[in-house]
1. Can you send over the carbon and sulfur percentage of the accessible area for the chain, probe radius 1.4 Å, protein chains only?
2. Give me the extension gain from residue 69 to residue 26: residue separation times 0.36 nm, minus the current Cα-Cα distance, reported in nm with one decimal.
3. With every protein chain in place, what's the accessible area of residue 92 (1.4 Å probe, Å², nearest 10)?
4. May I ask you to compute the full-extension gain from residue 117 to residue 40, defined as 0.36 nm times their residue separation minus their alpha-carbon distance, rounded to one decimal in nm?
5. Hey, can you find the accessible area per residue of the chain for me, probe 1.4 Å, expressed in square angstrom?
6. In Å and whole numbers, how far do the C-alpha atoms of the chain stretch along each principal axis, longest first?
7. Can you tell me how much longer the chain between residue 61 and residue 100 gets when fully stretched, taken as 0.36 nm per residue apart minus their C-alpha distance, in nm with one decimal?
8. If R0 is 35 Å, what FRET efficiency do you get for residue 78 and residue 107 from their C-beta distance, rounded to 0.05?
Amino acid sequence: MPELGDRIDAVEVSRLIAGAAKTIRSARYCWLATTAKDGFANLRPMGRLLRDASDKKDEWRMEFIADGRSRKVTDIRRASRVAIIVQNDADDAFVTLIGNATLCESQSEVRNRWHRAYDAFFPSESDRANAIFVEVDIGRMELWIRGVTPEPFGLRPTILERELGCGWRAVSTEFSREFGR
């Protein structure tokens, strides 16, 4: 049986990408999942840093600010692979983003990227000295978006993957792999 990617053309992949991008833009908050030392998952709600319209970085890079002393940073130092969960209830849209996290810890870079709004989350000089940026380069997406992903809605994700710097392609669905369909 051909993989889903063999059956979905570039126009359809573009439509799926647009649906994912809309879901991500609509959500100010998301869940960041990291791997704990014991192998379990640690999840926490995160406020992602919104992209500036003039930002020329990869649009599939999500950024956060974090305390370098936090559990999430400890987890990322050990295993850089993370997942980000985004949802928009109004649109029945759910997106899981999977990628590699990089910690931007250089004090000069942190100072250059700092906005006064971050002071509310890092109130003391000691807190600000431990602030770092987390960048996640997304390489895989699992989508459940009503009206965009295949029916029956919610039964299986549509999975897209890419290599950094390359375009997205549809891979398969969990349902088809698990049940041989």
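The values are calculated or read from the model by the stated rules, or taken from the named source; none is laboratory data. Here the structure is a predicted model, which is why all the values come from computation and not from measurement. For neighbour counting, all protein chains shown are included, and Cβ atoms are generated from backbone atoms with ideal geometry for every residue, glycine included. Note: accessible area is taken over every heavy atom of the protein model, side chains too, but ligands, DNA and RNA are not part of it. Shrake-Rupley method; radii C 1.70, N 1.55, O 1.52, S 1.80 Å.
1. Solvent-exposed carbon and sulfur of the chain make up 52 percent of the total.
2. 12.5 nm
3. Counting only protein heavy atoms, residue 92 exposes about 50 Å² to solvent.
4. Difference between extended and current length: 24.4 nm.
5. That works out to 56 Å² per residue.
6. Principal extents (largest minus smallest coordinate, Cα): 58, 41, 32 Å.
7. Going from the current span to full extension adds 13.1 nm.
8. Computed FRET efficiency for residue 78 and residue 107 comes out at 0.95.
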